[in-house]
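Participant: This is the structure, below, for whatever I ask next.
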Amino acid sequence: MIGVFDSGVGGLTVHRALVHRLPQADFTYLADQANAPYGVKTGEEIVELTKAGCIRLFERGASLVVLACNTASAIALRRLQQTWLPGYRKEIGRPVNILGIIVPTIEAATGLPWEHEAERRGEKAEKVDILGVFATQATVRSRVYEIEIDKRKQDLAVFSEPCPELVPLIEGDASAVDLAKAVEAHVQALKARIGRFPDRVVLGCTHYEIIADIFRAALPAGTPLIQQPASTADALELYLERHPDYVQGTSGSRVFLTTGTPGPQNGLVRGFWGGPVTFDAA
């Protein structure tokens, strides 16, 4: 079984892409809504909450957990992989792993494999494209997109815009008018810092994919959006081909869990998903 973890409903954008790509696999989605949003929390809090979510999914039989959350991927993933997961594998006696969504997103944004490193020649690129990243405060504070893209591509400059109110608005089923006002304000704030609109954009929080059309309306027509769900589905499919020892299941089961209040999710989620989504208690 494959687990998908997020602080709330945003990870459903990635989850939907994963189940479409791997329809036969068994998936359990866990939303830590009792502790959302993650973007305003400290690094230590994010690490501990992410670890707790992964343990819940591993205890339910997951062999892989996909962190469908930019904040968890940026802050917690590497630390959990390096300092916690090796001991946990020995403790439970089976292969398990945690994957994130930032690596495939950066590969899609740069058009380069993660292993690629740019040559440092000490001279400026003649033409620099600008990538705008809209994300949570914690993801922006980590500077993960700036750092990792700079290692790989010298002619792509990254400008990030923190959007602290968007996750609570989306989780709270805000109106399209309120969401459009908030998104427009962030797009204009980023434009003011850059001096122009970005050439392309990453919606660096999976919640924002739910309102991707609102971002498209606030940006110049035709501005490319890097699609995290599709990039993550591509990466997971390739990973499973290379690592067949991770059990993905064959019955196509779909389980939705929350640490918050169980029941149907809000209208924004229903509209995005194309029908009702009901969470059970974790």
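Participant: Relative contact order for segment 1-95: what is it in percent, counting Cα pairs under 8 Å that are at least 6 residues apart? Don't jump to the answer; show the numbers that get you there.
Facilitator: Details: 114 pairs, mean separation 35.9, N = 95.
38 percent.
Participant: Given charges of +1 on the Cβ of Lys and Arg and -1 on the Cβ of Asp and Glu, with all other atoms neutral, how large is the dipole of segment 111-226 about its Cα centre, in debye to the nearest 20?
Facilitator: I would put it at about 420 debye.
Participant: Can I ask one more? Can you find, among Ala189, Ile2, Leu99, the residue sitting farthest towards the positive end of the charge dipole of the chain, where Lys and Arg contribute +1 and Asp and Glu -1 at Cβ?
Facilitator: Most positive-ward Cα: Leu99.
Participant: Would you mind checking the pairs Lys41/Lys181; Lys51/Lys181; Lys151/Lys181 and listing those with alpha carbons more than 31 angstrom apart?
Facilitator: On the way: Lys41/Lys181 25 Å; Lys51/Lys181 35 Å; Lys151/Lys181 35 Å.
Listed pairs above 31 Å: Lys51/Lys181; Lys151/Lys181.
Participant: So, one more: Given contacts defined as C-alpha pairs under 8 Å and at least six residues apart, what's the relative contact order of the chain, whole-number percent?
Facilitator: 28
Participant: I need the calculated FRET efficiency for the pair Ser175 and Leu225, taking r as the beta carbon distance and R₀ as 22 Å, to the nearest 0.05.
Facilitator: For R0 = 22 Å, the calculated efficiency reads 0.45.
Participant: In nm, to one decimal, how far is the modelled label at Asp199 from the one at Asp155, with both set 7 Å along Cα→Cβ?
Facilitator: Those two pseudo-labels are separated by 0.7 nm.
Participant: Now, a different point. In terms of the Cα gyration tensor, with a ≥ b ≥ c the square roots of its eigenvalues, is segment 131-244 rounded because a/c is under 1.5, prolate because a/b exceeds b/c, or oblate?
Facilitator: Judged from the Cα gyration tensor, segment 131-244 comes out oblate (a/c at least 1.5, b/c at or above a/b).
Participant: Arranged from highest to lowest average of other beta-carbon atoms within 10 Å per residue, in what order do the peptides 210-216, 268-274 appear?
Facilitator: Per-residue mean Cβ counts within 10 Å order the peptides as 210-216, 268-274.
Participant: Still on this structure: Determine the relative contact order of segment 111-226: mean sequence separation of Cα pairs under 8 Å and six or more apart, normalised by residue count, in whole percent.
Facilitator: 30
Participant: Same structure again: Multiply the residue gap between Ala185 and Arg141 by 0.36 nm, knock off their C-alpha separation, and tell me the result in nm, one decimal place.
Facilitator: Residue separation times 0.36 nm, minus the Cα-Cα distance, leaves 13.9 nm.
Participant: While we're looking at this one, here's another question. Please compute the length gained on full extension between Ala192 and Ala52, using 0.36 nm multiplied by the number of residues separating them and subtracting their Cα-Cα distance.
Facilitator: Going from the current span to full extension adds 46.4 nm.
Participant: Moving on. Quick check: residue separation of Arg89 and Glu165 times 0.36 nm, minus the Cα distance between them. What number comes out in nm? If you can, show how the numbers build up before the last one.
Facilitator: Details: separation 76, 0.36 × 76 = 27.36 nm, distance 3.72 nm.
Answer, rounded to one decimal: 23.6 nm.
Participant: With +1 on the Cβ of every Lys and Arg and -1 on the Cβ of every Asp and Glu, and nothing else charged, how large is the dipole of the chain about its Cα centre, in debye rounded to the nearest 20? All intermediate terms of the calculation are to be shown ahead of the outcome.
Facilitator: On the way: 29 positive and 33 negative charges, 47 e Å.
Roughly 220 debye, rounded to the nearest 20.
Since every read-out is calculated from the coordinates, none of them should be taken as a lab result. The model shown is predicted, which means the values in this text are computed figures rather than measured ones. As a convention, Cβ positions derive from the backbone with ideal geometry for all residues, glycine included, and neighbour counts pool all protein chains shown.
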